[in-house]
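The values are calculated or read from the model by the stated rules, or taken from the named source; none is laboratory data. No experiment lies behind these values; they were computed from the predicted model shown. All Cβ positions, even for glycine, are placed from backbone atoms using ideal geometry, and neighbour counts span all protein chains on display. Each accessible area value is taken on the protein alone, full model and side chains, heavy atoms only, with ligands, DNA and RNA left out. Shrake-Rupley method; radii C 1.70, N 1.55, O 1.52, S 1.80 Å.
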Amino acid sequence: MGLKNIIANSQKLITLALGLLVLGFSTPGLYAKDDIPPPQAIDLAVIQQGQSTGTDFYYFYDSSREVTLEEALQSDRWQAPESKRNNRGFTEHVIWMKLQFKNSEDEAKRFILEYIDPAIKTLDVYYKSSSELEYNHQNFTYSNPSATRPVSFYRPAFALEAPASDTVDVYLRMFPGDDFPMHSFTEMLIWHEKPFYKSTHVELILMSILLCVEIFMGIATLLIYFSSKDKVFLYYSVFAFSAASLFAAFGGLWPYLIATESYELRMVVLQISLCQMAAIVFVQYFLKTKEHMPLVHKMMTAVVGICLVGLILNLAGYPYLSRIIIDYTAIGYFALIPIGLYSHKKGVPHSLLFTSSWIVFIMGMVLASARLRGYIVDSSVAKWLIFYGGFIEIFLLSTIMYLRFRDLQKEKVDVERRYRRHLEKAAEELKRQVDEKTKQLKLAKQQAEQDARIDILTQLTNRRAFIEIANQHIELAAQNIDKSLYLAIIDVDHFKKVNDTYGHNVGDFVLKAVSDTLLENVRNVDLVSRLGGEEFSVIVEAENEQTALQMVERLRAAVEAKTVKVQGHTINVTISIGMASWYANQSLDSLMSAADEALYTAKRKGRNQTHF
């Protein structure tokens with residue numbers, strides 16, 4: 001039997017022990033098959049935001065990792081989920097999932113599919129509506145730059161669209177990773193776009209607060225070290241920084257916000273090794289093991305050396321062995337409980353509070369590990385267990401550090417103690433004021449920049465932004481010989497009469513309705529702007545004049561067909577459009593003049609028409 005198989009079998013025994021340990025936290029009938037209905041198409045019209053795909057899917061394992069989409073479509077291995085437990089434990093296999101979404105409403109719906117965990121090597125999504133012939137494809141790869149993600153988020157997420165009164169078939173290929181066994185889930189969360197981004201912003205803020213608190217605690221204890229020269233504060237500071245870095249890795253923030261160009265799953269293992277070493281060294285100095293338990297102190301030093309070997313193996317390209325070392329040394333965390341109790345017996349200050357904090361952390365770690373291994377049912381609470389436990393532990397340890405610092409201060413002269421406290425408080429207040437002022441300046445700058453580029457009424461780009469972006473389009477058009485650039489300038493017909501008859505409030509409502517109609521009928525690549533008053537512009541890229549003219553005519557017809565109802569009035573408006581094509585070396589001013597001239601011609605000929 002090879003070394004890898006021996007280690008793998010030993011790891012199974014360890015995970016089994018962890019499973020037995022947390023069995024009391026598991027739901028009844030954990031491994032029993034539930035009486036659940038067969039998978040159904042998920043109706044996007046009635047979903048709850050952040051709703052789980054639950055058991056409405058089929059799946060199968062691909063141990064070869066070579067099954068293609070075409071083979072998956074023809075496969076007879078699809079099976080319904082056997083229970084409501086979608087955490088599949090550790091695996092090196094590819095997992096395929098099949099879902100169907102239906103849109104029972106009369107308009108297309110965009111929705112987001114979010115994977116519930118940030119750590120997965122690759123996740124491919126194939127999807128098509130019943131009216132499409134071929135499958136569309138989106139890919140998430142953990143190690144790729146964060147800018148290449150289908151949706152800008154620190155967990156895998158994908159934006160899809162369901163046409164009106166249609167269904168969408170979705171196939172997911174999940175590959176946890178092959179450097180070492182990785183946990184996997186057959187569960188996705190379903191969102192509409194706006195609630196998704198709102199929820200993710202709130203979550204990112206909370207995650208940032210958690211990390212900032214941990215970093216602040218590390219900074220504070222580092223400052224105390226420089227003041228007191230007590231090494232316990234230094235080692236705790238290193239531990240707090242490494243814990244903050246590790247939580248950022250667990251949460252997916254490292255590859256998303258920090259190492260945005262390249263970040264691999266094995267780097268998470270490396271950060272675990274660093275955090276383990278920092279924690280053990282801190283415990284040695286805090287509990288004074290060298291003084292009270294020399295043998296235990298040597299054993300803990302040996303464990304630090306083993307962790308260092310694991311870190312080196314990881315850097316050398318053997319993350320699997322490094323991961324095994326982490327799993328084995330993590331068992332030693334349980335030994336810190338009796339060590340803490342013995343230190344209390346020996347009179348080490350605050351060792352009981354230390355033991356309590358470590359028990360909280362171990363509970364969070366064990367339950368989180370059991371969740372990843374599939375021993376307990378996944379839930380929104382279980383997903384955050386390790387963060388809860390880690391935060392409470394850091395908070396309690398910080399309390400201990402404060403108590404220790406207070407004890408040190410009591411030993412000094414009262415005047416010196418008050419003076420130093422005054423300096424610390426002044427530094428903290430100054431830092432808070434600087435941070436607050438900096439934040440206010442940044443917010444003011446961002447708001448000013450946005451206001452300078454966006455038309456307040458229509459939320460379209462204004463003339464200033466139009467000129468900047470239009471010049472960029474011209475630069476690109478000069479390099480692209482396949483498509484031509486066209487500028488349409490639009491004027492709302494008889495708009496002064498609307499203002500004079502109904503008032504400016506109604507006029508503003510009409511302008512907003514016109515701008516919304518234009519936006520609904522252009523492509524994503526086209527630029528709609530408000531130049532001022534009742535005048536708008538559209539930059540269009542098309543293969544020829546006929547195509548461009550058809551697109552612009554579609555805008556005119558859409559506005560003509562629009563009925564504006566406001567304050568008991570029903571108003572129909574039309575627009576006149578002047579259109580011009582850009583030629584090589586033509587300036588934007590010249591292009592706008594040509595379009596303006598065409599607009600005047602359209603108005604002279606009776607309005608509600610397009611003149612090229």
Tell me the residue from 196, 180 that is in a helix (DSSP H, G or I) and touching a residue at least 40 places away in the same chain (Cβ under 8 Å), please.
196
Hey, can you tell me all the residues within the stretch 531-553 that are assigned to a helix (DSSP H, G or I) and closer than 29 Å to residue 500 by Cα?
552, 553
Among the residues of the stretch 484-530, write down those that are of a type in the set (D, E, K, R), out of contact with any Gly (no Cβ under 9 Å at 6 or more places or on another chain) and not in a helix (DSSP H, G or I).
493, 523, 526, 530
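For (1) without any contact (Cβ under 8 Å) to a residue 40 or more places away in the chain; (2) of a type in the set (A, V, I, L, M, F, W, C); (3) closer than 26 Å to residue 591 by Cβ, each residue gets a yes or a no:
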{"residue": "494", "(1), (2), (3)": "no, no, no"}
{"residue": "527", "(1), (2), (3)": "no, yes, yes"}
{"residue": "530", "(1), (2), (3)": "no, no, yes"}
{"residue": "543", "(1), (2), (3)": "no, no, yes"}
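Considering every residue within the stretch 276-289, establish whether at least one is assigned to a loop (DSSP other than H, G, I, E, B) and loosely packed, with under 15 Cβ neighbours inside 10 Å.
In the first step, residues of the stretch 276-289 are kept if they are assigned to a loop (DSSP other than H, G, I, E, B); the result is 287-288.
Next, only the ones that are loosely packed, with under 15 Cβ neighbours inside 10 Å stay: none.
No, the conditions are met nowhere in the stretch 276-289.
Please work out if residue 458 is hydroxyl-bearing (Ser, Thr, Tyr) and crowded, with 16+ Cβ neighbours inside 10 Å.
Considered against the rule, which asks whether it is hydroxyl-bearing (Ser, Thr, Tyr) and crowded, with 16+ Cβ neighbours inside 10 Å, residue 458 comes out as yes.
Residues checked against (1) more than 28 Å from residue 323 (Cβ to Cβ); (2) open to solvent by 30 Å² or more (accessible area, probe 1.4 Å); (3) at pLDDT below 75; (4) part of a helix (DSSP H, G or I):
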{"position": "370", "(1), (2), (3), (4)": "no, no, yes, yes"}
{"position": "374", "(1), (2), (3), (4)": "no, no, yes, no"}
{"position": "388", "(1), (2), (3), (4)": "no, yes, yes, yes"}
{"position": "404", "(1), (2), (3), (4)": "yes, yes, no, yes"}
Contact list please: Cβ distance under 8 Å, first residue in the stretch 446-474 and more than 21 Å from residue 585 (Cα to Cα), second residue open to solvent by 100 Å² or more (accessible area, probe 1.4 Å) and modelled with pLDDT of 85 or more, pairs at least six apart or on different chains.
452/464; 453/464
Out of everything in the stretch 34-70 that is more than 28 Å from residue 104 (Cα to Cα), in contact with a strand residue (DSSP E or B) (Cβ under 9 Å, 6 or more places away or on another chain) and not hydroxyl-bearing (Ser, Thr, Tyr), what residue ends up being surrounded by the fewest Cβ atoms within 10 Å (Cβ to Cβ)?
66
Residue tally, condition more than 41 Å from the chain's Cα centre (by Cα) and open to solvent by less than 100 Å² (accessible area, probe 1.4 Å), over the stretch 461-505
9
Filter the stretch 109-144 for residues that are over 23 Å from residue 49 (Cβ atoms) and either among the basic types (Lys, Arg) or in a strand (DSSP E or B) (or both) and give the result.
121, 122, 124, 126, 128, 136, 137, 139, 141
Of the conditions (1) farther than 21 Å from residue 322 by Cβ; (2) part of a loop (DSSP other than H, G, I, E, B); (3) not β-branched (Val, Ile, Thr), residue 214 fails just one. Which one is it?
(2)
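Of 130, 165, 208, 199, which residue is on the phi > 0 side of the Ramachandran plot and surrounded by fewer than 18 Cβ atoms within 10 Å (Cβ to Cβ)? Walk me through it before giving the result.
Details: 130 fails: on the phi > 0 side of the Ramachandran plot; 208 fails: on the phi > 0 side of the Ramachandran plot; 199 fails: on the phi > 0 side of the Ramachandran plot.
Within the list 130, 165, 208, 199, the selection yields 165.
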Tally the residues that are touching a Ser or Thr at 6+ places or on another chain (Cβ under 9 Å) and closer than 30 Å to residue 91 by Cβ, restricting the search to the stretch 337-371.
3
Report the residue count in the stretch 145-162 for those that are surrounded by fewer than 16 Cβ atoms within 10 Å (Cβ to Cβ), part of a loop (DSSP other than H, G, I, E, B) and out of contact with any Asp or Glu (no Cβ under 6 Å at 6 or more places or on another chain).
1
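Can you tell me which residues in the stretch 168-190 are open to solvent by 30 Å² or more (accessible area, probe 1.4 Å) and in contact with a Leu (Cβ under 9 Å, 6 or more places away or on another chain)?
Step one: list which residues in the stretch 168-190 are open to solvent by 30 Å² or more (accessible area, probe 1.4 Å), which gives 169, 173, 178-179.
If the condition is that a residue be open to solvent by 30 Å² or more (accessible area, probe 1.4 Å) and in contact with a Leu (Cβ under 9 Å, 6 or more places away or on another chain), then 169, 173, 179 are the ones that fit.
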Subset tally (residues that are closer than 15 Å to residue 62 by Cα and either in contact with a His (Cβ under 7 Å, 6 or more places away or on another chain) or open to solvent by less than 60 Å² (accessible area, probe 1.4 Å) (or both)) for the stretch 74-88
3
